[in-house]
Amino acid sequence: MIIDPQHRALLEEAQRIAPKGVKVEYTDGTIIMQAPPTMIHQRNLLHLRRQFEAHEPDGFVPTENTDLESPHAAKLRNPDLAYLPEEVMELEGNKAPADLVLITVEIVSPSNPENDWVGKLRDYAVMRIPLYLIVDARDSTVTLFSEPNHDRYHTRTDRKFGETIRIPEPFGFDLDLSRLNPYA
């Protein structure tokens, strides 16, 4: 599915005028704009990214805040972290095909948690992204969703900060959650 041309024009205008650091996403006819992340958000993402980088599959690289588009849905989502094939980094602009993504990682925004827990959970499954990791510093939890099918994931694993969570192949490691910080 392709984004309606009128909506695409509005989306591109919103991206053009958005202040630096503001995320602009599109789902189900709605443009979502989100403020820049907090320092705790950025610190938690850094701890996760370092661990993923130590286990990244050959030919794949991390990318932060890259727009993901899918041929399966008229959606444009921008995860905090995603893993894409290295050759995608040679494309012009900031859009990448969602069907090439191995995992998306989101640090839940305290101002709009529904975006990560409802909208992105549904959209990433529709976009057929194999793994979706949600870090929710509001309640010190981490949830991994896998096995996407249509508009939902079939498998869910929950852990608390301080524990570990298994990230399946092609990463194949236990993600240490002990250095994650909750929101105040």
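Of all the residues that make up segment 132-143, how many are open to solvent by 10 Å² or more (accessible area, probe 1.4 Å) and out of contact with any Gly (no Cβ under 9 Å at 6 or more places or on another chain)?
Matching residues across segment 132-143 total 3.
Being at pLDDT 95 or above and among the acidic types (Asp, Glu) is the filter; apply it to segment 137-160 and report the residue that is nearest to MET39 (Cα to Cα).
Of everything passing the filter in segment 137-160, ASP139 is nearest to MET39 (Cα to Cα).
Of these, LEU76, LEU81, which one is closer than 18 Å to GLN34 by Cα, buried (at least 16 other Cβ atoms within 10 Å of the Cβ) and at pLDDT 95 or above?
LEU81
I'd like the full set of residues that are part of a loop (DSSP other than H, G, I, E, B), touching a residue at least 40 places away in the same chain (Cβ under 8 Å) and closer than 22 Å to ARG128 by Cβ, limited to segment 1-42.
MET1, ILE2, ILE3, ASP4, ASP28
Pairs under 6 Å by beta carbon, first residue closer than 22 Å to SER146 by Cβ in segment 78-107, partner among the basic types (Lys, Arg) and in a strand (DSSP E or B), six or more apart or different chains?
As it stands, the answer is ASN78/LYS23, since those pairs meet every condition given.
Of all residues in segment 140-156, how many are out of contact with any Phe, Trp or Tyr (no Cβ under 8 Å at 6 or more places or on another chain) and either in contact (Cβ under 8 Å) with a residue 24 or more places away in the chain or of a type in the set (Ser, Thr, Tyr) (or both)?
Qualifying residue count, segment 140-156: 5.
Looking at segment 43-66, I want the residues that are over 20 Å from ASN78 (Cβ atoms) and in a helix (DSSP H, G or I) and have a partner that is open to solvent by less than 60 Å² (accessible area, probe 1.4 Å) and among the aliphatic types (A, V, I, L, M) with Cβ atoms under 6 Å, at least 6 apart or on another chain. Which pairs are those?
GLN51/LEU175
Looking for something in contact with a helix residue (DSSP H, G or I) (Cβ under 8 Å, 6 or more places away or on another chain), more than 18 Å from LEU133 (Cβ to Cβ) and surrounded by fewer than 18 Cβ atoms within 10 Å (Cβ to Cβ) - is there at least one such residue anywhere in segment 55-67?
yes
Would you be able to say whether some residue in segment 96-108 is among the hydrophobic types (A, V, I, L, M, F, W, C), in contact with a Lys or Arg (Cβ under 8 Å, 6 or more places away or on another chain), over 25 Å from ILE40 (Cα atoms) and open to solvent by less than 50 Å² (accessible area, probe 1.4 Å)?
Yes; the residues of segment 96-108 include at least one that is among the hydrophobic types (A, V, I, L, M, F, W, C), in contact with a Lys or Arg (Cβ under 8 Å, 6 or more places away or on another chain), over 25 Å from ILE40 (Cα atoms) and open to solvent by less than 50 Å² (accessible area, probe 1.4 Å).
Give all pairs with beta carbons closer than 8 Å in which a residue from segment 122-137 that is farther than 18 Å from PHE52 by Cα meets a residue that is among the basic types (Lys, Arg); count only pairs at least 6 apart in sequence or on separate chains.
Taking only residues 6 or more apart or on different chains, the pairs are ARG122/ARG152; ASP123/LYS75; ASP123/ARG77; TYR124/ARG77; ALA125/ARG152; VAL126/LYS75; MET127/LYS75; MET127/ARG77.
The values are calculated or read from the model by the stated rules, or taken from the named source; none is laboratory data. Note that the structure is predicted; figures quoted are calculated from it, not measured. Reconstructed Cβ throughout: ideal geometry from the backbone, glycine too, with neighbour counts over all protein chains shown. For the accessible areas, the whole protein counts, side chains as well, though only heavy atoms, and no ligand, DNA or RNA atoms are used. Shrake-Rupley method; radii C 1.70, N 1.55, O 1.52, S 1.80 Å.
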